[in-house]
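Please read the structure below before turning to the comments.
Rule-based calculations on the coordinates, nothing more; no lab input. Please read all numbers here as calculations on a predicted model, not as lab measurements. Note that each Cβ is placed from the backbone with ideal geometry, even for glycine, and that neighbours are counted across all protein chains shown.
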Amino acid sequence: MTATLLLLALMVLTLLVVVVLVLPREARRSALVVLAVVAVVAATSVDAPTSVSLAAQGFAALLLSLSLVVGPFESKRLRSPLTGAALAFLVLSVVTTAAFEPAALGLAVRIGGLEALTAVAVSQFRSHDVARLTSALIGLACVEAVLGILEALVLHQPFPWGRRVVEGREMYTNANVLLGNGFQRVEGTLGHAIPFATLLTVAACLLVRTWSVRGPHLRWIAMSLCVAGLVLSGSRTGVLGLGLCFLLLILTSRSTGRGLRVVTVTCTLAGATALFWNDVRDIVARTIETGSYTNRSSALDSVPGLVARPFREALLGSGWGSELDLYARGLLPQNGFTIVDNQFVTTLATTGVVGAGLLTLLFLTSFVAGDRTRRALLVLLVVMVFSFDFVAWASIGTLCFLCLCTPWQTAAPSPGQSERAVPSGPCPSPGRRIEVAAAK
């Protein structure tokens, strides 16, 4: 393990030399942020050795910190409502954990700090930074999809760490309900199928938004990989989120005809019904007081009890890492499954009404201040809020705050163009007008 860490340290130094000394000044900030995202995606999952995960988190924090000093820094962007809501939520998470669950303070500082640094770093992005980040996320998703295909067909376990074994049982091994026939859900390097699917759906959304500036063959290869990886993940949540994302993009496009909108809505509703028929049946069964509910649905039943706690605890929560105590007190679902899988309920439990309000404010502010790209990504994140506890995961939490706080509307049409090439008004020529319309 010592040799591995030394090798990682050497790689870190090499990367920093390349970024700081070799890359042009305008590319350094985005390169550092991309390397940080790669680090948390590749090496911070629950499957990775603890020492590797901690080293990757520290490396990512260093890269994000450096990204703040390698280019111009505008302090006024930190005072924007969006960045302010993100930082307020994360600071509250650390403070409440320090006060009420100090044993988990290290976790809150590490993960919350990463997410805060991500929010601040991307708030400083210019158009060329956003364009490079978009291309990098699509490329990273394609690599993860290839690893997922190898995991499903060849390796039969995640690369490179395998699955962590706890009490003689491999973690997060579930049957793939989309494929059946003995297929297991794949997770790539992210340690869980839902974060894996989320990365692929985010990339697919960004790919659609930049479709016209991608190579005609590369874009179809990338989309095929994202869809294949999503199916292999077995995540119905991911499929639903991507379908709603595409639906929003089509319905808000100025070039979409009425017929296409009707067909799209019909197909989306039919697909969602087919995917979630069992859940719909459970909801109906519960309405007539028969049958059972899923873990995610039952988590919402905890809301009244969490709000009815003593005033201080209801207002500020009990801190990250207090979930097991809340289960023991009967304040979270008593179905034998000690994972909430609902970020809103987890936030209400650990940071109280104030934290849940700040999380809601963050999403609303991001929606109001965002363009079609961010709003489409928000659809994906909202679906995930009610299916996964993402904030305390380094990889998916970092990705989510990146999606929420990046100024996607400033993106240049392609990484090779300058900020002056971004069309801010009527297009100068009919040909250019058609190209921009396709991207929209």
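List the GluC sites (Glu not before Pro) in segment 155-241 that DSSP assigns to loop (not H, G, I, E or B) and whose Cβ has at most 16 other Cβ atoms within 10 Å. Which are they? Mind showing how you got there, number by number?
Values: sites: E167, E170, E187; in loops: E167, E187.
In loop regions of segment 155-241 (DSSP not H, G, I, E or B), the sparsely surrounded GluC sites (Glu not before Pro) are E167.
Pop a pseudo-label 7 angstrom from the Cα along the beta-carbon direction at both V143 and V227 and give the gap in nm to one decimal.
Placing both labels 7 Å beyond Cα along the Cβ direction yields 2.5 nm.
Compute the length gained on full extension between L150 and R329: take 0.36 nm times their separation in residues and subtract their Cα-Cα distance, giving the result in nm to one decimal.
60.1 nm
Please work out whether segment 107-162 counts as rounded, prolate or oblate from its C-alpha gyration tensor, where a ≥ b ≥ c are the square roots of the eigenvalues and a/c under 1.5 means rounded, while otherwise a/b larger than b/c means prolate and anything else oblate?
Oblate, because a/c is 1.5 or more while a/b does not exceed b/c.
Sort the following peptides by mean Cβ neighbour count (other Cβ atoms within 10 Å, averaged over residues), highest first: 92-103, 387-398, 372-383.
Packing proxy ranking, top to bottom: 387-398, 372-383, 92-103.
May I ask you to evaluate 6.51 cos²θ - 1.76 cosθ + 1.60, the Karplus curve with θ = phi - 60°, for each residue of segment 123-133 and list the ³J(HN,Hα) values in order in whole Hz, giving x for glycine and proline?
Ordered by residue, 3J(HN,Hα) equals 5, 8, 5, 9, 4, 5, 5, 5, 5, 5, 4 Hz.
Round to the nearest 0.05 the FRET efficiency obtained for L315 and A175 when R0 = 41 Å and r is the Cβ-Cβ distance.
Details: r = 41 Å, r/R0 = 1.01.
The value I calculate is 0.50.
Can you run phi through the Karplus equation (6.51, -1.76, 1.60; θ = phi - 60°) for segment 339-352 and list ³J(HN,Hα) in whole Hz, with x for Gly and Pro?
Once rounded to whole Hz, the list reads 10, 6, 6, 7, 5, 5, 5, 4, 5, 4, 5, 9, 10, x.
Using a 7 Å offset from the Cα along the Cα-to-Cβ direction at both V353 and D301, what is the distance between the two label points in nm, to one decimal?
It works out to 2.4 nm between the two label points.
Working out 0.36 nm times the residue gap between V109 and L364, then minus their Cα-Cα distance, what length gain in nm do you get to one decimal?
Values: separation 255, 0.36 × 255 = 91.80 nm, distance 2.51 nm.
Gain on extension, V109 to L364, equals 89.3 nm.
Whole-Hz Karplus ³J(HN,Hα) for segment 35-47, in order, using 6.51 cos²θ - 1.76 cosθ + 1.60 and θ = phi - 60°, x for Gly and Pro?
Result, rounded to whole Hz: 4, 5, 5, 4, 4, 6, 6, 7, 9, 10, 6, 5, 7.
Could you pull the Rg and Dmax for segment 26-178, using just the Cα atoms, both in Å?
17.9, 52
Considering amide H positions built from the backbone, and no H for Pro or chain starts, which residues 5 or more places from Q184, or on another chain, come under 5 Å of its amide H?
N176
Hey, for a label at F159 modelled as a point 7 Å past Cα toward Cβ, could you say which residues of segment 186-201 have their backbone N under 14 Å away?
187-190
7 Å from Cα along Cα→Cβ at both T338 and A308: what's the point-to-point distance in nm?
A separation of 2.5 nm, rounded to one decimal place.
Per-residue counts of other Cβ atoms within 10 Å, averaged by peptide: what ranking do you get for 207-213, 112-118, 72-78, highest first?
Ranked by mean Cβ neighbours within 10 Å, highest first: 112-118, 207-213, 72-78.
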